[in-house]
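The values are calculated or read from the model by the stated rules, or taken from the named source; none is laboratory data. As the structure is a prediction and not an experimental result, all values here were calculated from the model. Heads up, the Cβs are rebuilt from the backbone with ideal geometry, glycines too, and the neighbour counts pull from every protein chain shown.
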Amino acid sequence: MTDFNVTVMGSITDAIIALLKADTNLQALGYDNIGRDLIGYDRSKKWIVVTRQGGTYAWPKHAHPRVDINCYAPYGGDAEDLMEMCVAIILRKQPASYRGHGIILCAAKIETAPFESSDKLSGSCRYVVAFRLTVRPDIP
């Protein structure tokens, strides 16, 4: 039997969540949660949801995932402020200046510009943006 090393791409979603949570400017705006889902959410809260929506994958060297960020808030202006801060955080952390959760963020570009989209289920104000990232495994 032959042993071989396997390169595993880390969690892109968890890396973006950690990047956003660590930013003091976003903390100053105030939010109730940054995560992958809306569990525990209600219309009175400020909530940021990060989801990976696919993308190309050139294993094991790099990946080009699409990552969506949804910002919810009781008022449209608050959701927009959260969104603008998230965009600034991600765009200023390139090239290759963020390492975490098994990835290195090499590049980020906006694929779908921020837009307002009220959530039909909760009636909350929501802003959405989509990024196309270039990441590679953080191999020690």
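Checked against the criteria, ILE69 does not count as at pLDDT 90 or above, exposed (fewer than 15 other Cβ atoms within 10 Å of the Cβ), within 27 Å of LYS120 (Cα to Cα) and of a type in the set (Val, Ile, Thr). Condition (residue is under 22 Å from ASP14 (Cβ atoms) and in contact with a strand residue (DSSP E or B) (Cβ under 9 Å, 6 or more places away or on another chain)) applied to the range 114-125: is it met by at least one residue? Looking through the range 114-125, none of the residues is under 22 Å from ASP14 (Cβ atoms) and in contact with a strand residue (DSSP E or B) (Cβ under 9 Å, 6 or more places away or on another chain). Among residues of the range 24-50 that are in a loop (DSSP other than H, G, I, E, B), none has a beta-carbon under 6 Å from a residue that is exposed (fewer than 13 other Cβ atoms within 10 Å of the Cβ) at least six positions away or on a different chain. Out of ILE110, ILE139, one residue alone is out of contact with any Phe, Trp or Tyr (no Cβ under 9 Å at 6 or more places or on another chain) and surrounded by fewer than 16 Cβ atoms within 10 Å (Cβ to Cβ). It is ILE139.
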